Amino acid sequence: MRHIAGGVFAMGSERFYSEESPVRRVRVGGFWIDETPVTNRQFAAFVDATGYRTVAEVVPDPRDYPGLTAETARAGSLVFERTPEPVALDDYSQWWAFVPGAEWRHPTGPDSTVETLLDHPVVHIAYADAEAYAAWAGKMLPTEAEWEFAARGGLEAADYAWGDELAPSGAILANYWQGLFPFANQRADGGYRTTPVTSYPANGHGLYDMIGNVWEWTRDWYSVPKVARPGKDKSPCCAIPDPRGGNRKNSVDPSGPPIGRKVLKGGSHLCAASYCQRYRPAARHAQAIESATSHIGFRCIIRG
(Lines give C-alpha, C1' and ligand atoms only; values in the text may rest on other atoms or scores of the structure.)
Protein backbone atom coordinates (compact mmCIF):
# COMPACT_ATOMS: atom_id res chain seq x y z
CA MET A 1 0.00 0.00 0.00
CA ARG A 2 1.02 3.62 -0.47
CA HIS A 3 0.27 6.46 1.93
CA ILE A 4 -1.59 9.47 0.55
CA ALA A 5 -1.37 12.60 2.69
CA GLY A 6 -4.63 14.46 2.99
CA GLY A 7 -5.27 17.68 1.16
CA VAL A 8 -7.59 19.89 -0.88
CA PHE A 9 -8.02 19.40 -4.63
CA ALA A 10 -10.22 20.33 -7.57
CA MET A 11 -12.53 17.33 -8.04
CA GLY A 12 -14.35 16.71 -11.31
CA SER A 13 -14.04 18.13 -14.81
CA GLU A 14 -16.04 20.36 -17.11
CA ARG A 15 -14.25 19.33 -20.31
CA PHE A 16 -15.70 15.88 -20.97
CA TYR A 17 -18.99 14.46 -19.60
CA SER A 18 -21.76 16.27 -17.75
CA GLU A 19 -21.82 13.85 -14.80
CA GLU A 20 -18.28 14.96 -13.87
CA SER A 21 -19.21 18.62 -13.35
CA PRO A 22 -19.14 21.02 -11.67
CA VAL A 23 -15.53 21.20 -10.60
CA ARG A 24 -15.55 21.65 -6.82
CA ARG A 25 -12.94 22.05 -4.09
CA VAL A 26 -12.83 18.92 -1.93
CA ARG A 27 -10.81 18.02 1.16
CA VAL A 28 -9.81 14.48 2.11
CA GLY A 29 -7.88 13.11 5.06
CA GLY A 30 -4.84 10.87 4.86
CA PHE A 31 -5.14 7.21 3.92
CA TRP A 32 -3.25 4.17 2.68
CA ILE A 33 -4.30 2.72 -0.67
CA ASP A 34 -3.45 -0.50 -2.49
CA GLU A 35 -0.63 0.02 -4.97
CA THR A 36 -2.53 -1.99 -7.60
CA PRO A 37 -6.05 -3.27 -8.16
CA VAL A 38 -6.70 -6.52 -6.29
CA THR A 39 -5.29 -9.32 -8.45
CA ASN A 40 -6.54 -12.81 -9.20
CA ARG A 41 -3.74 -14.13 -6.98
CA GLN A 42 -4.87 -12.00 -4.04
CA PHE A 43 -8.56 -12.78 -4.54
CA ALA A 44 -7.78 -16.50 -4.74
CA ALA A 45 -6.10 -16.30 -1.32
CA PHE A 46 -9.28 -14.71 0.07
CA VAL A 47 -11.50 -17.40 -1.44
CA ASP A 48 -9.19 -20.18 -0.25
CA ALA A 49 -9.29 -18.79 3.29
CA THR A 50 -13.04 -18.16 3.47
CA GLY A 51 -14.81 -20.30 0.88
CA TYR A 52 -16.50 -17.15 -0.41
CA ARG A 53 -18.66 -17.37 -3.53
CA THR A 54 -19.07 -14.28 -5.68
CA VAL A 55 -22.38 -12.93 -6.91
CA ALA A 56 -21.63 -14.23 -10.42
CA GLU A 57 -21.29 -17.78 -9.05
CA VAL A 58 -24.74 -17.84 -7.46
CA VAL A 59 -27.92 -18.62 -9.40
CA PRO A 60 -30.13 -15.51 -9.11
CA ASP A 61 -33.49 -15.78 -7.37
CA PRO A 62 -36.28 -15.10 -9.92
CA ARG A 63 -38.24 -13.34 -7.18
CA ASP A 64 -35.64 -10.57 -7.20
CA TYR A 65 -35.67 -10.04 -10.97
CA PRO A 66 -39.00 -9.40 -12.71
CA GLY A 67 -39.23 -11.39 -15.94
CA LEU A 68 -36.64 -13.98 -14.88
CA THR A 69 -37.95 -17.54 -14.57
CA ALA A 70 -36.53 -20.53 -12.74
CA GLU A 71 -35.79 -22.11 -16.11
CA THR A 72 -33.78 -19.13 -17.39
CA ALA A 73 -32.04 -18.23 -14.09
CA ARG A 74 -28.37 -19.17 -14.42
CA ALA A 75 -25.17 -18.16 -12.68
CA GLY A 76 -22.84 -16.12 -14.87
CA SER A 77 -21.73 -12.64 -15.82
CA LEU A 78 -21.39 -10.16 -18.66
CA VAL A 79 -18.42 -10.69 -20.97
CA PHE A 80 -17.08 -8.32 -23.62
CA GLU A 81 -16.35 -9.81 -27.04
CA ARG A 82 -14.70 -7.88 -29.84
CA THR A 83 -16.88 -7.50 -32.93
CA PRO A 84 -15.58 -8.72 -36.33
CA GLU A 85 -16.34 -5.43 -38.07
CA PRO A 86 -17.43 -1.84 -37.37
CA VAL A 87 -20.83 -1.51 -35.71
CA ALA A 88 -23.06 1.34 -34.57
CA LEU A 89 -22.02 2.48 -31.09
CA ASP A 90 -25.54 2.98 -29.74
CA ASP A 91 -26.24 -0.71 -29.05
CA TYR A 92 -23.90 -2.24 -26.45
CA SER A 93 -25.55 -5.66 -26.83
CA GLN A 94 -23.41 -6.08 -29.95
CA TRP A 95 -20.29 -6.46 -27.78
CA TRP A 96 -21.66 -7.46 -24.35
CA ALA A 97 -23.28 -10.83 -23.68
CA PHE A 98 -24.36 -12.70 -20.57
CA VAL A 99 -22.23 -15.85 -20.43
CA PRO A 100 -23.36 -18.67 -18.12
CA GLY A 101 -20.40 -19.86 -16.06
CA ALA A 102 -18.37 -16.67 -16.46
CA GLU A 103 -16.97 -15.54 -13.09
CA TRP A 104 -13.65 -14.51 -11.59
CA ARG A 105 -11.99 -17.91 -12.05
CA HIS A 106 -13.34 -18.20 -15.61
CA PRO A 107 -13.26 -14.62 -16.96
CA THR A 108 -14.49 -15.31 -20.51
CA GLY A 109 -16.61 -18.38 -19.80
CA PRO A 110 -16.46 -21.84 -18.23
CA ASP A 111 -13.66 -23.02 -20.54
CA SER A 112 -11.32 -20.15 -19.57
CA THR A 113 -9.01 -19.90 -16.56
CA VAL A 114 -6.99 -17.37 -14.56
CA GLU A 115 -4.04 -19.73 -14.11
CA THR A 116 -1.96 -17.60 -16.50
CA LEU A 117 -3.56 -14.35 -15.30
CA LEU A 118 -2.70 -14.39 -11.60
CA ASP A 119 -1.14 -10.92 -11.72
CA HIS A 120 -4.02 -9.43 -13.70
CA PRO A 121 -6.78 -7.57 -11.83
CA VAL A 122 -9.61 -9.79 -10.68
CA VAL A 123 -12.83 -9.14 -12.66
CA HIS A 124 -16.51 -10.13 -12.52
CA ILE A 125 -16.66 -8.48 -9.11
CA ALA A 126 -20.00 -7.18 -7.84
CA TYR A 127 -20.05 -4.58 -5.07
CA ALA A 128 -20.76 -7.14 -2.32
CA ASP A 129 -17.74 -9.16 -3.46
CA ALA A 130 -15.43 -6.16 -3.13
CA GLU A 131 -16.84 -5.35 0.30
CA ALA A 132 -16.36 -8.94 1.47
CA TYR A 133 -12.71 -9.00 0.38
CA ALA A 134 -12.04 -5.61 2.00
CA ALA A 135 -13.52 -6.76 5.33
CA TRP A 136 -11.42 -9.95 5.26
CA ALA A 137 -8.26 -7.93 4.52
CA GLY A 138 -8.99 -5.43 7.33
CA LYS A 139 -9.48 -2.65 4.83
CA MET A 140 -12.36 -0.77 3.16
CA LEU A 141 -13.34 0.62 -0.23
CA PRO A 142 -12.42 4.25 -0.92
CA THR A 143 -14.88 7.07 -1.29
CA GLU A 144 -15.09 8.59 -4.76
CA ALA A 145 -13.18 11.65 -3.53
CA GLU A 146 -10.41 9.57 -1.97
CA TRP A 147 -10.07 7.50 -5.14
CA GLU A 148 -9.89 10.53 -7.41
CA PHE A 149 -7.43 12.35 -5.16
CA ALA A 150 -5.11 9.33 -5.26
CA ALA A 151 -5.54 8.87 -9.03
CA ARG A 152 -4.43 12.42 -9.77
CA GLY A 153 -0.98 11.60 -8.43
CA GLY A 154 -0.41 15.08 -7.01
CA LEU A 155 -1.29 16.92 -10.22
CA GLU A 156 -3.82 19.73 -9.97
CA ALA A 157 -6.72 19.64 -12.45
CA ALA A 158 -4.85 17.64 -15.11
CA ASP A 159 -7.02 15.67 -17.54
CA TYR A 160 -5.04 12.46 -17.09
CA ALA A 161 -3.09 10.86 -14.26
CA TRP A 162 0.15 12.04 -15.90
CA GLY A 163 -0.79 15.41 -17.41
CA ASP A 164 -3.04 16.97 -20.05
CA GLU A 165 -2.08 14.83 -23.05
CA LEU A 166 -3.38 11.27 -23.46
CA ALA A 167 -0.28 9.90 -25.20
CA PRO A 168 2.60 12.37 -24.71
CA SER A 169 5.15 11.92 -27.52
CA GLY A 170 3.19 8.81 -28.51
CA ALA A 171 3.75 7.03 -25.19
CA ILE A 172 0.93 4.67 -24.12
CA LEU A 173 0.71 5.07 -20.34
CA ALA A 174 -2.32 2.92 -19.48
CA ASN A 175 -4.32 -0.04 -20.75
CA TYR A 176 -7.11 1.57 -22.74
CA TRP A 177 -8.55 0.68 -26.16
CA GLN A 178 -6.16 1.73 -28.92
CA GLY A 179 -7.95 1.97 -32.24
CA LEU A 180 -11.57 1.86 -33.34
CA PHE A 181 -13.90 0.41 -30.74
CA PRO A 182 -15.18 -2.33 -30.52
CA PHE A 183 -13.49 -4.25 -33.34
CA ALA A 184 -9.93 -3.02 -33.94
CA ASN A 185 -7.55 -2.81 -30.98
CA GLN A 186 -4.00 -1.92 -31.96
CA ARG A 187 -2.39 -2.67 -28.60
CA ALA A 188 1.25 -3.67 -29.04
CA ASP A 189 0.80 -7.13 -27.50
CA GLY A 190 -2.17 -7.92 -29.73
CA GLY A 191 -4.55 -8.32 -26.79
CA TYR A 192 -7.69 -6.44 -25.88
CA ARG A 193 -8.49 -7.50 -22.32
CA THR A 194 -6.74 -6.94 -18.97
CA THR A 195 -2.98 -6.68 -18.52
CA PRO A 196 -0.72 -7.46 -15.51
CA VAL A 197 -1.19 -4.75 -12.92
CA THR A 198 2.30 -3.19 -13.20
CA SER A 199 2.49 -3.21 -17.00
CA TYR A 200 2.26 0.58 -17.26
CA PRO A 201 4.01 3.35 -15.29
CA ALA A 202 2.81 4.29 -11.82
CA ASN A 203 1.39 7.76 -11.21
CA GLY A 204 2.99 10.41 -9.00
CA HIS A 205 1.88 8.57 -5.85
CA GLY A 206 3.39 5.27 -6.97
CA LEU A 207 -0.01 3.77 -7.83
CA TYR A 208 -0.56 1.51 -10.83
CA ASP A 209 -3.63 1.20 -13.06
CA MET A 210 -5.54 4.09 -11.53
CA ILE A 211 -6.42 4.75 -15.16
CA GLY A 212 -7.54 1.98 -17.51
CA ASN A 213 -7.30 -1.82 -17.16
CA VAL A 214 -10.44 -2.19 -14.99
CA TRP A 215 -13.11 0.05 -13.55
CA GLU A 216 -12.92 0.16 -9.74
CA TRP A 217 -15.71 0.22 -7.18
CA THR A 218 -16.01 3.06 -4.66
CA ARG A 219 -18.27 2.99 -1.62
CA ASP A 220 -20.34 6.03 -2.65
CA TRP A 221 -23.89 5.83 -3.96
CA TYR A 222 -24.16 7.52 -7.33
CA SER A 223 -25.51 11.08 -7.30
CA VAL A 224 -25.06 14.40 -9.08
CA PRO A 225 -22.06 16.31 -7.65
CA LYS A 226 -22.67 19.33 -5.45
CA VAL A 227 -20.62 22.46 -4.79
CA ALA A 228 -19.80 24.09 -1.48
CA ARG A 229 -22.01 26.97 -0.33
CA PRO A 230 -19.89 29.96 0.78
CA GLY A 231 -20.81 30.97 4.30
CA LYS A 232 -22.69 27.73 4.98
CA ASP A 233 -20.19 24.93 4.40
CA LYS A 234 -17.72 25.41 7.25
CA SER A 235 -14.54 24.06 5.73
CA PRO A 236 -11.27 25.74 4.71
CA CYS A 237 -11.41 27.69 1.44
CA CYS A 238 -14.97 26.48 0.81
CA ALA A 239 -13.69 22.91 0.31
CA ILE A 240 -16.25 20.15 0.80
CA PRO A 241 -14.96 17.66 3.40
CA ASP A 242 -14.79 14.22 1.71
CA PRO A 243 -18.25 14.28 0.06
CA ARG A 244 -20.16 11.01 0.25
CA GLY A 245 -22.54 11.11 -2.70
CA GLY A 246 -26.23 10.38 -2.25
CA ASN A 247 -28.21 7.47 -0.85
CA ARG A 248 -29.32 4.12 -2.19
CA LYS A 249 -32.87 5.22 -2.99
CA ASN A 250 -31.79 8.20 -5.05
CA SER A 251 -29.06 6.26 -6.81
CA VAL A 252 -31.56 4.02 -8.62
CA ASP A 253 -31.91 4.62 -12.36
CA PRO A 254 -35.59 5.60 -12.80
CA SER A 255 -35.62 3.93 -16.23
CA GLY A 256 -34.11 0.66 -14.99
CA PRO A 257 -34.58 -2.00 -12.31
CA PRO A 258 -34.92 -0.85 -8.66
CA ILE A 259 -31.30 -1.64 -7.81
CA GLY A 260 -28.95 0.83 -6.12
CA ARG A 261 -25.93 2.08 -8.05
CA LYS A 262 -22.44 2.86 -6.77
CA VAL A 263 -19.77 5.01 -8.42
CA LEU A 264 -17.09 3.29 -10.50
CA LYS A 265 -13.85 5.15 -11.22
CA GLY A 266 -10.89 4.97 -13.57
CA GLY A 267 -12.21 3.58 -16.83
CA SER A 268 -11.03 0.25 -18.23
CA HIS A 269 -9.32 -1.47 -21.14
CA LEU A 270 -12.52 -0.80 -23.12
CA CYS A 271 -12.33 3.00 -22.90
CA ALA A 272 -11.46 4.47 -26.29
CA ALA A 273 -11.02 7.88 -27.87
CA SER A 274 -13.59 6.76 -30.45
CA TYR A 275 -16.17 5.68 -27.87
CA CYS A 276 -15.68 6.27 -24.12
CA GLN A 277 -13.05 8.74 -22.96
CA ARG A 278 -13.27 7.75 -19.31
CA TYR A 279 -9.61 6.87 -18.82
CA ARG A 280 -9.25 9.89 -16.53
CA PRO A 281 -9.27 10.60 -12.75
CA ALA A 282 -12.45 12.72 -12.97
CA ALA A 283 -14.42 10.13 -14.95
CA ARG A 284 -17.22 8.33 -13.13
CA HIS A 285 -19.83 5.74 -13.97
CA ALA A 286 -23.00 4.56 -12.20
CA GLN A 287 -23.03 0.77 -11.77
CA ALA A 288 -25.77 -1.41 -10.30
CA ILE A 289 -24.36 -3.05 -7.18
CA GLU A 290 -25.43 -6.53 -8.27
CA SER A 291 -23.74 -6.27 -11.66
CA ALA A 292 -20.46 -8.02 -12.44
CA THR A 293 -18.66 -7.75 -15.75
CA SER A 294 -15.37 -8.67 -17.37
CA HIS A 295 -14.00 -5.15 -16.84
CA ILE A 296 -14.87 -4.33 -13.21
CA GLY A 297 -12.46 -4.80 -10.29
CA PHE A 298 -11.46 -2.82 -7.19
CA ARG A 299 -8.76 -1.77 -4.73
CA CYS A 300 -8.88 -1.00 -1.01
CA ILE A 301 -7.76 1.63 1.47
CA ILE A 302 -7.01 2.04 5.18
CA ARG A 303 -7.65 5.47 6.62
CA GLY A 304 -5.03 7.17 8.70
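Just tell me the longest site-free run in the chain, where the sites are trypsin sites (Lys or Arg not before Pro) in a DSSP loop having at most 11 other beta-carbon atoms within 10 Å.
The segment 1-231 is the longest one with no such site.
Mind telling me which of ALA102, ALA145, ALA171 comes out most flexible in a GNM of the chain, alpha-carbon contacts under 10 Å?
ALA171
Quick one: if the Förster radius is 35 Å, what FRET efficiency do GLN94 and ARG303 give, using the C-beta to C-beta distance and rounding to 0.05? The partial results should precede the final answer.
Details: r = 42 Å, r/R0 = 1.20.
According to the calculation, E is roughly 0.25.
Counting other C-beta atoms within 10 Å, and keeping those with at most 15, which DSSP coil chymotrypsin sites (Phe, Trp or Tyr not before Pro) do you find in segment 95-186?
PHE183
Round to the nearest 10 and report in Å² the accessible area of TYR208, as given by a 1.4 Å probe over the protein chains' heavy atoms.
Surface accessible to solvent at TYR208 totals approximately 60 Å².
Counting helices only, and only those DSSP H runs with n ≥ 4, report the 222 nm mean residue ellipticity of the chain as the sum of -39,500 (n - 2.57) divided by its residues, in deg cm²/dmol to the nearest 500.
-3000 deg cm²/dmol
Between segment 109-175 and segment 188-216, how many Å separate their Cα centres?
Using only Cα atoms, the two centres lie 8 Å from each other.
Can you give the accessible area of MET140 in Å² (nearest 10), computed on protein heavy atoms with a 1.4 Å probe?
60
With the cut-off at 1.5 for a/c, could you classify segment 1-138 from its C-alpha gyration tensor as rounded, prolate or oblate?
Taking the square roots of the gyration eigenvalues as a ≥ b ≥ c, segment 1-138 is oblate.
With unit charges on the beta carbon (Lys/Arg positive, Asp/Glu negative), name the residue among ALA45, TYR17, VAL55 whose Cα is farthest towards the positive pole of the charge dipole of segment 8-67.
Of the options given, the answer is TYR17.
What does the charge add up to near THR36, with Lys and Arg as +1, Asp and Glu as -1, over the other residues with Cβ less than 11 Å from its Cβ?
Net charge in that neighbourhood comes out at -2.
Apply the a/c threshold of 1.5 to the C-alpha gyration tensor of segment 110-170 and tell me whether it is rounded, prolate or oblate. Provide the component values of the computation, followed by the final result.
Working: a/c = 3.20, a/b = 1.43, b/c = 2.24.
It comes out oblate by the Cα gyration axes.
What is the dipole size for segment 151-232, taken about its Cα centre, with +1 at each Lys and Arg Cβ and -1 at each Asp and Glu Cβ, in debye to the nearest 20?
For segment 151-232, the charge dipole is close to 380 debye.
Would you work out if the chain is rounded, prolate or oblate? Take a ≥ b ≥ c from the square roots of the eigenvalues of the alpha-carbon gyration tensor; rounded if a/c is under 1.5, else prolate when a/b is larger than b/c, oblate otherwise.
rounded
If you place +1 on the Cβ of every Lys and Arg and -1 on the Cβ of every Asp and Glu, how big does the dipole about the Cα centre of segment 73-178 come out, in debye to the nearest 20?
380
What FRET efficiency comes out for SER274 versus ASP48 if R0 is 41 angstrom and r is the Cβ-Cβ distance? Round to the nearest 0.05.
Plugging the Cβ-Cβ distance into 1/(1 + (r/R0)^6) gives 0.50.
Rounded to two decimals, what ratio of Rg to Rh does segment 89-144 give with C-alpha atoms and a Kirkwood Rh? Working shown, then result.
On the way: Rg = 14.3 Å, Rh = 13.5 Å.
Result: Rg/Rh = 1.06.
Between ASN250 and ALA188, what FRET efficiency follows from the Cβ-Cβ distance if R0 is 41 Å, with the result rounded to 0.05?
Rounded to the nearest 0.05, the efficiency is 0.40.
Length gain on complete extension for the stretch THR198 to ALA128, per 0.36 nm per residue less the alpha carbon to alpha carbon distance?
In short, 22.6 nm is gained.
If you put +1 on each Lys and Arg Cβ and -1 on each Asp and Glu Cβ, how big is the dipole of the chain around its Cα centre, in Debye rounded to 20?
1140
Within segment 168-205, what residues put their amide N at less than 19 Å from the label point 7 Å along the Cα-to-Cβ vector of VAL87?
177-186, 192-194
The values are calculated or read from the model by the stated rules, or taken from the named source; none is laboratory data. No experiment lies behind these values; they were computed from the predicted model shown. Backbone-built Cβ (ideal geometry, glycine too); neighbour counts: all protein chains shown. In case anyone asks, the SASA skips ligands and DNA or RNA and just uses the protein heavy atoms, side chains included. Shrake-Rupley method; radii C 1.70, N 1.55, O 1.52, S 1.80 Å.
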